[in-house]
Amino acid sequence: MKETRYFLLPQDRLPKAWYNIVADLPFRVPPLLHPVTREPTRLPPPLFCDALIEQEESRERYIEIPEPVREVYRVWRPTPLIRARRLEEALDTPAHIYFKYEGASPPGSHKPNTAVAQAFYSKEAGVKRLVTETGAGQWGSALAFACNLFGMECGVYMVKVSYHQKPYRRVLMEAWGARVVPSPSPETRSGQAILEKDPDSPGSLGIAISEAVEIAATHDDTKYSLGSVLNHVLLHQTVIGEEARMQMEMAGEYPDVVVGCVGGGSNFAGLAFPFLRDRLQNGSPTRFVAVEPTACPSMTRGIYAYDYGDTAHLAPLAKMDTLGHTFIPAGIHAGGLRYHGMAPLVSALHRHGYIEPVAYPQLAVFEAAVLFARTEGFIPAPETAHAIKAVVDEALAAREAGEKRVILFNFSGHGHFDMGAYESYFAGKLANYEYPAERVQEALKDLPQVEE
């Protein structure tokens, strides 16, 4: 009899609390700084509702998930944990590979885990509209989905290169009632300034953040919503790892390696942090591998420093792994991994030796994605494919070493809206891109000078 491949939790085991890793850190994470005074600061109250600011600063280990949020979660959660047996066989590896399938949500990714929470708290605070930025469109579609459920308006500034590469993501957002604008746009002073310098700018997440923040700061009925990087966003995503811990117990195994792709860090943190808890509390030997593109290597080639979260210097300064806020990434298809910086929590854990970053070029990533699709059947988003490439390498290393290795990774989103990227790959039109060292150094010259 073949062993179980699917590990499913009943809905009554949906987690009742998010895990806040800050409670267990053996070091201090540097505070946010005001973009003008350079003094320690909170998240700007005009941009965020009080409940989210409190979660950002909390040191409580567990924060209760409100029942209205859990009610929406039940539309697709708990998500399945799946043993990738066919991939194991194709790689001829003794490794056991498991993936947490977050493509089960209506928008098709992990992003609604925080979008629903942010919309709920904002609605409770009387907010009428949320505005945000999006790269590949997964975050924008998640917020559009959440705002629609809670009867709120949603505005999305979508990085221009992705706006044109992925039109159906835009249509999905519009189907849920969102207004989608290609960024940089002439609607804001931030966008106008960029277009004046470069009318053909492909855009970046830093630019789109500036536009969304500007709108939120100048409209009393509007708040800003962020899909990654901040502490409260990573907190909401830990529902993934809390479920995965129970499901790994069902499988009778514990991961030796936990893998996730990283752009701002939310899906990686969502899976990894509940397992990192064991390492922080009990010295568990599990390794944590964060995977990024060579075209946007904030962890592998950036520096750990204070930097602006956006291009127009409207957001607070955060100490993070960064390529510099003026960094403009190449138009690779993994639009969700094109942010210039990394979540402060993920960056600090990296710099203290808890997280191992690796970077891969685009062609190797798509090769791994196709292998996964042809063995397991699921089509991964280009972002998710980065994690799969690292998993393949870990499994092959286990084969070479002749050792069993339990590998767990986050299948952060499906690729059903990324067929254009796959079409380009099959046609031989995609190329590898490694961000030039001289351009990294040039972007880093514009880092703010901060005395610590």
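Read-outs: derived from the displayed coordinates by stated rules, not from any lab. Nothing here was measured: the structure is a model prediction, and the numbers come from that model. For neighbour counting, all protein chains shown are included, and Cβ atoms are generated from backbone atoms with ideal geometry for every residue, glycine included.
Could you tell me which of rounded, prolate or oblate describes the range 343-452, using a ≥ b ≥ c as the square roots of the eigenvalues of the alpha-carbon gyration tensor, with rounded for a/c under 1.5 and, failing that, prolate when a/b is larger than b/c and oblate otherwise?
Judged from the Cα gyration tensor, the range 343-452 comes out oblate (a/c at least 1.5, b/c at or above a/b).
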Around Trp176, under 15 Å between beta carbons, what's the net of Lys plus Arg minus Asp minus Glu among the other residues? +3
One finds the C-alpha centres of the range 258-286 and the range 98-157 to be spaced, in Å, by 23 Å
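Can you give the % of DSSP beta bridges in the chain that are antiparallel, to the nearest 5? Can you show the working numbers first?
Numbers: 19 of 52 bridges.
In the chain, approximately 35 percent of DSSP beta bridges are antiparallel ones.
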Shape call for the chain, from the Cα gyration tensor axes a ≥ b ≥ c (a/c under 1.5 means rounded, otherwise prolate when a/b beats b/c, else oblate), comes out rounded
For the range 14-62 and the range 212-236, write down the distance between their C-alpha centroids in whole Å. 13 Å
Per-pair calculated FRET efficiency, R0 = 56 Å: Glu196 and Asp12 via Cβ, rounded to 0.05: 0.50
Positive end of the dipole of the chain, charges at C-beta (+1 Lys, Arg; -1 Asp, Glu), about the Cα centre: which of Pro274, Ala251, Leu226 has its Cα farthest in that direction? Ala251
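Can you give me the relative contact order of the range 164-211 as a percent, contacts being Cα pairs under 8 Å and 6 or more apart?
Values: 35 pairs, mean separation 14.7, N = 48.
Averaging sequence separation for qualifying contacts and normalising by length gives 31 percent for the range 164-211.
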How much length is gained if the chain between Arg179 and Lys445 is pulled fully straight, taking 0.36 nm per residue apart and subtracting their Cα-Cα distance, in nm to one decimal? 92.2 nm
Distance from a point 7 Å along Cα→Cβ of Ala364 to each backbone N in the range 431-449: keep the residues under 19 Å and list them by number. 431-437
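For Ser141, what charge total do you get from the other residues with a beta carbon under 11 Å from its beta carbon, if Lys and Arg give +1 and Asp and Glu give -1?
+3
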Calculated from DSSP helices alone, with each H run of at least 4 adding -39500 (n - 2.57) and the total divided by the residues of the chain, [θ]222 nm to the nearest 500 comes to -12000 deg cm²/dmol
Nearest-20 debye value, the range 308-429 charge dipole, Cβ charges on Lys, Arg, Asp, Glu: 100 debye
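Take every Cα-Cα pair in the range 235-387 and report what % of them are more than 18 Å apart.
Working: 6927 of 11628 pairs.
Tail fraction, whole percent: 60.
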Name the residue from His96, Ile240, His352 whose Cα lies farthest towards the positive end of the charge dipole of the chain, charges +1 on Cβ of Lys and Arg and -1 on Cβ of Asp and Glu. His96
So if R0 is 35 Å, what FRET efficiency would Trp76 and Glu438 give, r being the distance between their Cβ atoms, rounded to the nearest 0.05? 0.20
From a point 7 Å beyond the Cα of Glu452 in the direction of its Cβ, which residues of the range 1-44 have a backbone N at a distance under 13 Å? 28-33
Taking Glu88, Glu67, Glu253 and counting other C-beta atoms within 10 Å, the order from fewest to most: Glu67, Glu253, Glu88
If you take the beta carbon distance between Tyr254 and Glu67 as r and set R0 to 25 Å, what does 1/(1 + (r/R0)^6) give as a FRET efficiency, to the nearest 0.05? 0.20
Which of the helices in the chain meet the span-like rule: DSSP H, Cα axial reach of 15 Å or more, Kyte-Doolittle mean at least 0.5? 138-149, 205-217, 362-376
Looking at Ala212, Thr294, Pro184, which one has the Cα that reaches farthest to the positive end of the dipole of the range 174-320 (charges on Cβ: Lys, Arg +1; Asp, Glu -1)? Thr294
Along the Cα-to-C-beta direction of Ala431, a point sits 7 Å from the Cα; which residues of the range 268-300 have their amide N less than 15 Å from that point? 295
Can you spot the aspartates and glutamates whose alpha carbon is less than 17 Å from Lys445's alpha carbon? Ignore those fewer than 8 places along the same chain. Asp307, Asp310, Asp321
Let me check against my output: what whole-number percent is the relative contact order of the chain, with C-alpha pairs under 8 Å and at least 6 apart? 19 percent
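Under a Cβ-only charge scheme (Lys and Arg +1, Asp and Glu -1), can you give me the dipole magnitude of the range 1-68 about the Cα centre, in debye to the nearest 20?
On the way: 9 positive and 11 negative charges, 72 e Å.
I would put it at about 340 debye.
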How would you classify the range 74-191 from its alpha-carbon gyration tensor, with a ≥ b ≥ c the square roots of the eigenvalues: rounded for a/c under 1.5, else prolate if a/b is greater than b/c, otherwise oblate? oblate
Could you give the size of the charge dipole of the chain about its Cα centre, using +1 on the Cβ of each K and R and -1 on the Cβ of each D and E, expressed in debye and rounded to the nearest 20? 680 debye
Percentage relative contact order, the range 123-168, counting C-alpha pairs under 8 Å, at least six apart: 47 percent
Note on the range 123-186: the mean projected area of its alpha-carbon convex hull, in nm², is 4.0 nm²
